[in-house]
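> I am attaching a structure below and will ask some questions about it afterwards.
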Amino acid sequence: MVASEMTPYAKTGGLADVVQSLPKELVRKGHKVTVALPHYGFVRQQEYVTEIFRDRVSITFGGAMYPCRIKYLKVAKGLTVFFIGNEEFFGKFNWRVGNERRDNMRLYSETEDNMRFLFFTYAVKELLRELAAENTIFDVVHAHDWQAGLLPNVLRKSKDPYLRHMPVVYTLHNLSYQMGGSWWKVPSAKQDTGSNGVPLEMRRVPFINFMRRGILNADIINTVSERYAREILDPEFGQKLEGVLQKRSQDLYGIINGIDYSVHNPLFDGNIVQKFDWNSLNNKLRNKRALQRRCGLTVANDIPLLGMVNRLVEQKGLQLVMETIEVLMKQRLQLVILGEGEKTYRDFFRKVEKKYPKKFALLTPFTNERESRMYAGSDMLLMPSRFEPCGISQLKSLRYGSVPIVHETGGLSDTITNFNPKTGRGNGFVFPAYTRELLLVAITRALETYKYPAAWVHLVWKGMQQSFSWELPAKKYIALYRKAIAKRKRI
Ligand code: GLC
């Protein structure tokens, strides 16, 4: 498995959780998994005891040679993580690239990422070769998101038949990130069609569209929900990749992500004030009061508390929340937002917090501890994303008894269905189109239902008992791996 993030080493979003928990489940099913990750400077600072695999290998591409140190960590039986190190690309602290200060805690930079992950790609290719020389032969490579998108292309062009015929599954977690920097800012004359060899001349590197090349060269492609797999064939969600995706639609699948319930479970979660499950729902209230107290809100059991847990970026539907906030603040409710991201949103919500200190709070920075406390302490999880490939918060929140209110899109639509008080069916509140009126209707329905404790508890219980474990998704991935292997054999 090749990726740029993996919990607990390096995480900005859901990708990191997937790269941690899918391998774990595959290993449980008797497979062996090796993960390749960049050895970011801050990971080197953490306490993981890594061993040296190769102290110095030379990575050659574009007529230049780069030194690389590869370390590894045996996480469990059958699961090893290799860390790809290079001082220039993943090393130093507080270094400068032009005017940009790249600080060591960040995974990504604005300007240099194509070069960094180009190096990473060639280093992973070298790792595969080195491991093969020691008789570690892989059945399949699974690459994630744009940072690993070039690998299928580089493997296909390899002179080594083992690498050239390597079966590759490529997973798209989010089409808005296709390369380092913003793909939509690339002038059309410089846009990468992906149809020729990897352009290695320095002046062309910043324009390589990694994801487009991943889609064109992988044997099998998938996204992280069935609905998003359909949506991206359409210009509205395809982010200009709909053409190449349509071409590959025979090989395009959707698999919803799972949740690791040994970690995300209010019964075992050490981050929350009082553990609970569906038999001890009353204990959830202690978590609610603790959250209210910590956020400076009015402490009361019966005021509905809505939580939002996501990066503060446009995708997550913050625009709708901004447009409706004044109306919302007139209702009997509380709203807490946890997340990091763009300054515009931060500034806006800081002002709201000043104006309504007893009803609203913005929690930042994001920590795993706060994330757990949000799910455990809130009654409802607000997730009005404009688009959402899968979404993990809504799945975690169900288990913690926080009822999702979501926009009917991508993975949100595959996992959350409207509650019908007459039939008792459904596990949340869904609004069918991305408008503030429909968002308000969904929130109002949730608030009305909340007034009827019997109906509400029924809804909460059902959500808590649902399982979105990795059991089934992992089986589906194994089926895709087998498909990729079979396809290669036919070629
Ligand atoms: C991306 C998507 C999110 C998905 C996650 C893991 O962050 O935006 O919807 O859950 O990847 O696949």
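> Report, for the chain, the % of DSSP beta bridges that are antiparallel, rounded to 5.
35
> Apply the a/c threshold of 1.5 to the C-alpha gyration tensor of the range 404-461 and tell me whether it is rounded, prolate or oblate.
Note, shape of the range 404-461 comes out oblate.
> Ok, one more. Would you list, by chain and number, the aspartates and glutamates whose Cα falls below 16 Å from the Cα of LYS157, excluding same-chain residues fewer than 8 positions away?
GLU126, ASP219
> Once R0 is set to 22 Å, what does the formula 1/(1 + (r/R0)^6) return for the Cβ-Cβ distance between THR367 and GLN46, expressed as a FRET efficiency to the nearest 0.05?
The value I calculate is 0.90.
> Run the numbers on the chain and let me know its relative contact order in percent, using alpha-carbon pairs under 8 Å that are six or more apart.
12
> If you don't mind, there's one more thing I want to ask. Would you please give the residues with an amide H less than 5 Å from that of PHE276, counting only those at least 5 places away or on a separate chain, with H modeled from the backbone geometry?
Here the answer is LEU267, since their amide H atoms fall under 5 Å of that of PHE276.
> Using per-residue counts of other Cβ atoms within 10 Å, averaged over each peptide, order 131-143, 29-41 from highest down.
Answer by packing, highest mean first, reads 29-41, 131-143.
> Hey, another quick one. Treating the chain as a set of equal point scatterers at the Cα positions, no solvent, please give the Debye-formula log₁₀ I(q)/I(0) at q = 0.13 Å⁻¹.
Per q value, in the given order, log10 I(q)/I(0) is -1.27.
> Can you return the aspartates and glutamates within cross-link range of LYS190? Criterion is Cα-Cα under 15 Å, with same-chain partners fewer than 8 residues away left out.
LYS190 reaches GLU201.
> Something else now. Give the shape of the range 281-465 as rounded, prolate or oblate, defined through the alpha-carbon gyration tensor: a ≥ b ≥ c are the square roots of its eigenvalues, a/c under 1.5 means rounded, and otherwise the shape is prolate if a/b is larger than b/c and oblate if not.
rounded
> Sticking with this one: Using only alpha carbon positions, build the gyration tensor of the range 385-491, then give the equivalent ellipsoid semi-axes as the square roots of 5 times its eigenvalues, largest first, whole angstrom.
34, 17, 10
> If we sort 454-460, 303-309 on the protection proxy, mean other Cβ atoms within 10 Å, highest first, what's the order?
Per-residue mean Cβ counts within 10 Å order the peptides as 303-309, 454-460.
> A further question follows. Past the 26 Å Cα-Cα mark, which pairs from LYS77/LYS316; LYS11/LYS247; LYS29/LYS396; LYS29/LYS487; LYS275/LYS476?
Beyond 26 Å between Cα atoms: LYS77/LYS316; LYS11/LYS247; LYS275/LYS476.
> Once ligands and nucleic acids are excluded and a 1.4 Å probe is used, how much of SER469 is accessible, expressed in Å² to the nearest 10?
40
> With θ set to phi - 60°, apply the Karplus curve 6.51 cos²θ - 1.76 cosθ + 1.60 along the range 117-130 and write out the HN-Hα couplings as whole Hz, x wherever there is a Gly or Pro.
So the J values, rounded to whole Hz, are 7, 5, 4, 4, 4, 5, 5, 5, 4, 5, 4, 4, 5, 4.
> What's the ranking of 74-86, 50-62 by average number of surrounding C-beta atoms within 10 Å, highest first?
Answer by packing, highest mean first, reads 74-86, 50-62.
> Sticking with this one: Setting aside same-chain residues fewer than 8 positions from LYS359, which aspartates and glutamates have a Cα under 15 Å from its Cα?
List returned: ASP302, GLU326, ASP379.
> Put +1 on the Cβ of every Lys and Arg and -1 on every Asp and Glu Cβ in the chain; which of ALA455, MET322, GLY30 then has its Cα farthest towards the positive end of the dipole?
Positive-most Cα among the choices belongs to ALA455.
The values are calculated or read from the model by the stated rules, or taken from the named source; none is laboratory data. Bear in mind the structure is a predicted one, so any value in this text is a computation, not a measurement. Glycine gets a Cβ as well: all are built from the backbone with ideal geometry, and neighbour counts include every protein chain shown. Heavy atoms of the whole protein, side chains included, go into the accessibility calculation; ligands, DNA and RNA do not. Shrake-Rupley method; radii C 1.70, N 1.55, O 1.52, S 1.80 Å.
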